[in-house]
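Student: Mind having a look at this structure? Questions to follow.
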Amino acid sequence: MQIQHAQGTAYDGHLYRRFGNVLADLDTFEMLELKTFALLEPGQAPGPLSSVLKLRASRMRQAIAELGIEVLGPESLRWQSAGEEGLAEAAQDTLLPDFLNSRAATIFGGAQEIQLGIIAKTLLGNPAQ
């Protein structure tokens, strides 16, 4: 939110709520990661939890990139800053490429539909059995 204040953008409750939601998602994701590590330590398979983590990671990456684009507003559409230095310019140089690449993140980690299928099959049981 420092960037928003540096640009002189007025208070926007919607952005603060979205920022809070992203932070809550990150905390939840960290707890799921710790649970997965606890399962792996004694040699257990993580089961559908690994698919849940892949799915959440790609969705969080998209949410973070979208929030950054929204905070910077029209300034986020420039591919690179014009040699200026500062917090807003540093964020701007990485936000647009991250935003555009975040859409492919669901394909990198396995398509969302495949991950959801793995989760459903594991939790609901395989009807073909």
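Student: Can you pull out every residue in segment 33-65 that is of a type in the set (D, E, K, R) and surrounded by 15 or more Cβ atoms within 10 Å (Cβ to Cβ)?
Tutor: Once the filter is applied, which keeps residues that are of a type in the set (D, E, K, R) and surrounded by 15 or more Cβ atoms within 10 Å (Cβ to Cβ), segment 33-65 yields Lys54, Arg56, Arg59, Arg61.
Student: Scan segment 8-59 for residues that are of a type outside the set (Val, Ile, Thr), assigned to a loop (DSSP other than H, G, I, E, B) and more than 23 Å from Ala120 (Cα to Cα) and report the count.
Tutor: Going through segment 8-59 one residue at a time, the tally reaches 7.
Student: So, one more: So, of the residues in segment 33-77 that are of a type in the set (A, V, I, L, M), touching a helix residue (DSSP H, G or I) at 6+ places or on another chain (Cβ under 8 Å) and free of Cβ contacts under 8 Å to residues at least 24 places away in the same chain, which turns out to be nearest to Leu100 (Cα to Cα)?
Tutor: Among residues in segment 33-77 that are of a type in the set (A, V, I, L, M), touching a helix residue (DSSP H, G or I) at 6+ places or on another chain (Cβ under 8 Å) and free of Cβ contacts under 8 Å to residues at least 24 places away in the same chain, the one nearest to Leu100 (Cα to Cα) is Leu77.
Student: Ok, one more. Applying the selection to segment 7-32, what residues are in contact with a helix residue (DSSP H, G or I) (Cβ under 9 Å, 6 or more places away or on another chain), surrounded by 12 or more Cβ atoms within 10 Å (Cβ to Cβ) and either at pLDDT 90 or above or farther than 20 Å from Leu55 by Cα (or both)?
Tutor: Passing the criteria: Gln7, Thr9, Asp12, Leu15, Arg18, Phe19, Asn21, Val22, Asp25, Leu26, Thr28, Phe29.
Student: Looking for whichever is more than 20 Å from Gly20 (Cα to Cα), in a helix (DSSP H, G or I) and modelled with pLDDT under 70 here; the options are Thr94, Thr106, Thr122. Which one fits?
Tutor: Just one listed residue meets the conditions, Thr106.
The values are calculated or read from the model by the stated rules, or taken from the named source; none is laboratory data. Please read these numbers as outputs of a predicted model, since none were measured by experiment. Using ideal geometry, Cβ is built from the backbone for each residue, glycine included, and neighbour counts are taken over all protein chains shown.
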